[in-house]
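Working notes for the structure below.
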Amino acid sequence: MAINDYVLIKIRDMRDSLTPVEKMVADYILNHLEEIPLLSVKELAKQSKTSDASVLRFCKAMGYSGYRNFIVSVSASLGSMDDEQKDRYTDIQPGDSLSTIIANISLNNSKSIEDTLSVIDREQVERAVEAIGKCKRIALFGIGASGLVCRDAEQKFSRINKICHAYTDGHSQLTAATLLGKNDVAVFISNSGSTSDILEALDIAVKNGCTTVSITKHSKSELAEKTDIVLNISTPEITFRSGAMGSRIAMLTVVDMLFAGVASAEYHHVKKYLTMTHNVLAAKHRK
C-alpha cells in the first residue's frame with residue numbers, strides 16, 4: 001500500500017472520535033472522494049453543511065497545517081488507488097455463497113494488515129520491543145477477541161523464557177495490575193480503546209509506574225491517550241463479524257512484530273529456549 005493512502009485510512013478510523021461537526025466533514029469526504037480535490041475550503045464547507053473554520057479544524061485534527069496540504073495528500077492517495085482498492089472491504093451478506101465468503105474474508109483480513117502497516121508508528125514499535133526485551137515480566141490485558149490475542153502473545157513470549165501472563169477477565173486484570181512494578185510492561189489490547197475493564201486496570205498500572213503499551217484502533221481513544229507506547233491498528237468499518245475478524249488479524253500481526261523484534265534482538269540468548277521448546281514438543285509428537 002502506498003504511504004499516501006494513510007490520510008483516507010486515518011479519516012475512516014478517527015471518524016468516531018471527531019466532534020459532530022468534524023464528523024460531518026469526514027462523512028462528506030469519504031462519500032465523495034473523487035470530487036474533493038476539486039473543492040475549495042468554502043465549497044467543501046458548503047457541501048458538508050459546515051463552515052470554513054470547521055473544515056480547517058478538521059484538517060488540523062487529521063494532522064495537517066492547512067487545507068492545501070490536506071488536499072494534496074488526498075489527491076495523492078486517490079491517484080495511488082485503483083477501482084478495486086477503493087472499496088475493497090466487503091461485509092458478509094445473508095445468502096452469500098461459500099466461495100464469496102472465502103474471498104471476502106481473505107480480502108478483508110489482507111486489507112486490515114495492509115492498512116495497519118500504513119498507520120503503525122515504527123518508532124513506537126521499536127520502543128515497545130526495547131521495553132519488552134529488558135522488562136522483568138509482561139502482563140497482557142484483553143477482553144473477548146482481544147483476550148485471545150493476549151493468549152497468543154503469552155504463548156509466544158513464554159517460548160523464549162519471558163515471564164508473561166495473559167489476563168482476560170475484569171477481576172484477574174485488577175489483581176494483576178495491582179501487583180505490577182516499575183520493571184514490568186503492561187500491554188493493553190482493545191480495538192475500541194474504551195473498554196471499561198481495560199481502562200480501570202490501566203489506571204492502576206499507570207499509578208504503579210510500569211511501562212504501558214496499547215494495541216488499539218487508530219483513533220483518539222482514552223486508552224491511546226493514557227499509555228506510554230501506542231501501536232495503532234486499522235480495521236474495516238463494517239457491520240458483521242468480518243469486522244471483528246479483521247481487527248483480530250491486525251492485532252495478531254502487531255503481536256508477531258513484537259515477538260519477532262524481541263527474539264531477533266536477543267537471538268543468541270533466546271535461541272536455546274526456542275530449540276529446547278521445539279525439541280520437547282517434537283518428542284511428544286513422536287510418541
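General observations
- Computed over the range 119-279: relative contact order in percent, which uses C-alpha pairs under 8 Å that are six or more apart: 26 percent
- Options 269, 215, 167, ranked by Cα towards positive dipole end of the range 167-287, top entry (Cβ charges): 269
- Placing pseudo-labels 7 Å out from each Cα toward the beta carbon at residue 264 and residue 110 gives an inter-label distance of 2.4 nm.
- Inter-site label distance for residue 69 and residue 283 at 7 Å from Cα along Cβ, in nm: 6.0 nm
- Rounded to the nearest 10 degrees, the inclination of helix 20-31 to the longest alpha-carbon principal axis of the chain is 80 degrees.
- Dipole magnitude for the chain: about 1120 debye, using +1 per Lys or Arg Cβ and -1 per Asp or Glu Cβ, origin at the Cα centre.
- Based on C-alpha pairs under 8 angstrom that are at least 6 apart in sequence, the range 184-238 has a relative contact order of 37 percent.
- Remark: 157, 141 ranked as 157, 141, counting other beta-carbon atoms within 10 Å and listing the fewest first.
- Signed unit charges on C-beta, dipole axis of the chain, positive-most listed residue 246, 233, 181: 181
- Tilt relative to the chain, helix 122-134 - C-alpha long axis, 0 to 90 degrees, to 10: 10 degrees
- Alpha-carbon Rg/Rh ratio, for the chain, with Rh computed the Kirkwood way: 1.03
- C-alpha long axis of helix 52-61 to longest principal axis of the chain, angle in °: 20 degrees
- Which of 197, 52 has the fewest Cβ neighbours within 10 Å, and the rest in rising order: 52, 197
- Stokes-Einstein D (µm²/s) once Rh is taken as the Kirkwood radius of the range 119-279 over alpha-carbon pairs, at 4 °C in 1.567 mPa s: 83 µm²/s
No lab work stands behind these numbers, since they all come straight from the coordinates. This is a predicted model, so every value here is computed, not measured. Glycine gets a Cβ as well: all are built from the backbone with ideal geometry, and neighbour counts include every protein chain shown.
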